[in-house]
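Below is one structure, written out as structure tokens; the observations come after it.
The values are calculated or read from the model by the stated rules, or taken from the named source; none is laboratory data. Predicted, not measured: the structure shown is a model, and the values here were computed from it. Here the Cβ positions follow ideal geometry from the backbone for every residue, glycine too, while neighbour counts run over all protein chains shown. When the accessible area is computed, the model is the full protein with side chains, heavy atoms only, and any ligands, DNA or RNA have been set aside. Shrake-Rupley method; radii C 1.70, N 1.55, O 1.52, S 1.80 Å.
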Amino acid sequence: MRFRHAASIWSTYPELTCGALYATGVDARVDTGPRAAEYTARALDRLAGATEGEFPEVLAWRRTFSRMGLKPTQYRCASESLLRRLRKEGSLPRIHPLVDLCNALSAAYAIPVAVLDVDRVAWPLLEVRPAGGDETYTAFGGGVEHPVPGEVTFVDAAGRAHARRWTHRQSGHSAVGEHTRRVLVVAEAMHEGGTTTVPEVLKTVEAEVAAHWAAGTETAVLTRSAPEFAFGD
């Protein structure tokens with residue numbers, strides 16, 4: 001299995017930093033609530049001093065969305081959406097033990113952290129690239145959409161899009177659930193400190209997965225010169 005960003009993404013967004021983690025043996029039977037609460041508390045502490053729209057990590061993604069031709073206050077990156085919800089409601093939704101952890105980490109570090117069910121992706125390649133317009137995207141409500149040509153999305157070997165507007169929204173098709181055993185976690189940053197933040201997030205996810213599931217993991221920090229993560233079978 002392979003995950004990568006297309007060369008056009010790296011050339012258009014040279015500030016991108018990406019980290020990916022593959023884990024096996026994950027299930028929904030553990031309690032990650034206390035650990036997720038610690039990361040959520042860290043995010044709340046930061047929100048006490050400024051709104052999410054002032055965070056450099058969020059501002060960097062807003063600039064990225066503007067470059068994609070999107071209104072950044074209409075289409076927000078995943079971490080901004082989580083922080084906004086946390087600021088307004090004081091908590092994050094409970095979905096799945098691993099997703100809850102990664103959502104809390106996304107809020108704590110203010111960068112998007114996606115979690116995909118590996119067995120719901122058509123391999124051998126998942127690529128972040130501009131859409132051609134014929135890809136299919138399954139919304140969480142079950143409806144089918146087609147990303148517009150040029151829209152950045154995660155596309156698998158079957159032409160299925162696993163995200164809309166890059167880090168705005170994941171697909172319901174590859175969402176983690178009770179059935180999930182293998183996952184791909186992707187953290188992406190656009191801000192100046194991303195080269196420090198992304199490896200730290202990756203290391204933290206790896207430690208949490210090992211502590212809660214004793215699961216086997218493989219990780220990689222991707223760069224323009226080493227853009228592909230080969231993992232699993």
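Just the residues that are farther than 23 Å from residue 219 by Cβ and either surrounded by fewer than 19 Cβ atoms within 10 Å (Cβ to Cβ) or of a type outside the set (Lys, Arg) (or both), please, taken from the range 154-164.
Matches in the range 154-164: 158, 159, 161.
For the range 180-196, which positions are in contact with a helix residue (DSSP H, G or I) (Cβ under 8 Å, 6 or more places away or on another chain) and either open to solvent by 50 Å² or more (accessible area, probe 1.4 Å) or in a strand (DSSP E or B) (or both)?
181, 182, 183, 184, 185, 187, 188, 189, 192
Of these, 163, 189, 104, 158, which one is under 30 Å from residue 50 (Cα atoms), out of contact with any strand residue (DSSP E or B) (no Cβ under 8 Å at 6 or more places or on another chain) and not hydroxyl-bearing (Ser, Thr, Tyr)?
One residue alone meets the criteria, 104.
Would you confirm, using the coordinates I've provided, whether residue 14 is over 30 Å from residue 215 (Cβ atoms) and modelled with pLDDT of 95 or more?
yes
Looking at the range 211-225 only, could you name the residues that are among the small types (Gly, Ala, Ser) and open to solvent by less than 50 Å² (accessible area, probe 1.4 Å)?
Across the range 211-225, the qualifying residues are 215, 216, 220.
Which residue, of 12, 73, 51, 32, is over 29 Å from residue 125 (Cβ atoms), out of contact with any Lys or Arg (no Cβ under 7 Å at 6 or more places or on another chain), among the β-branched types (Val, Ile, Thr) and surrounded by fewer than 19 Cβ atoms within 10 Å (Cβ to Cβ)?
None of the other options fit; the residue is 73.
Please work out which one of (1) under 25 Å from residue 52 (Cβ atoms); (2) in a loop (DSSP other than H, G, I, E, B); (3) open to solvent by 20 Å² or more (accessible area, probe 1.4 Å) is the condition residue 199 fails and give its number.
The number of the failed condition is (2).
From the residues in the range 25-61 that are small (Gly, Ala, Ser) and in contact (Cβ under 8 Å) with a residue 24 or more places away in the chain, which one is farthest from residue 77 (Cα to Cα)?
25
Going through the range 119-130 one residue at a time, which ones are under 26 Å from residue 95 (Cα atoms), hydrophobic (A, V, I, L, M, F, W, C), surrounded by fewer than 22 Cβ atoms within 10 Å (Cβ to Cβ) and touching a residue at least 60 places away in the same chain (Cβ under 8 Å)?
Answer for the range 119-130, where residues must be under 26 Å from residue 95 (Cα atoms), hydrophobic (A, V, I, L, M, F, W, C), surrounded by fewer than 22 Cβ atoms within 10 Å (Cβ to Cβ) and touching a residue at least 60 places away in the same chain (Cβ under 8 Å): just 123.
Report, by residue number, each residue of the range 107-142 that is over 30 Å from residue 210 (Cα atoms) and touching a strand residue (DSSP E or B) at 6+ places or on another chain (Cβ under 9 Å).
Across the range 107-142, the qualifying residues are 129, 130, 131, 132, 135, 136, 137, 138, 139.
In the range 15-29, what count of residues is obtained for those that are open to solvent by 40 Å² or more (accessible area, probe 1.4 Å) and under 19 Å from residue 177 (Cβ atoms)?
Going through the range 15-29 one residue at a time, the tally reaches 3.
Considering each of 172, 133, 150, 142 in turn, give the residue that is modelled with pLDDT under 95, of a type outside the set (Asp, Glu) and either open to solvent by 10 Å² or more (accessible area, probe 1.4 Å) or assigned to a loop (DSSP other than H, G, I, E, B) (or both).
Step by step, each of 172, 133, 150, 142 is checked, and only 142 is modelled with pLDDT under 95, of a type outside the set (Asp, Glu) and either open to solvent by 10 Å² or more (accessible area, probe 1.4 Å) or assigned to a loop (DSSP other than H, G, I, E, B) (or both).
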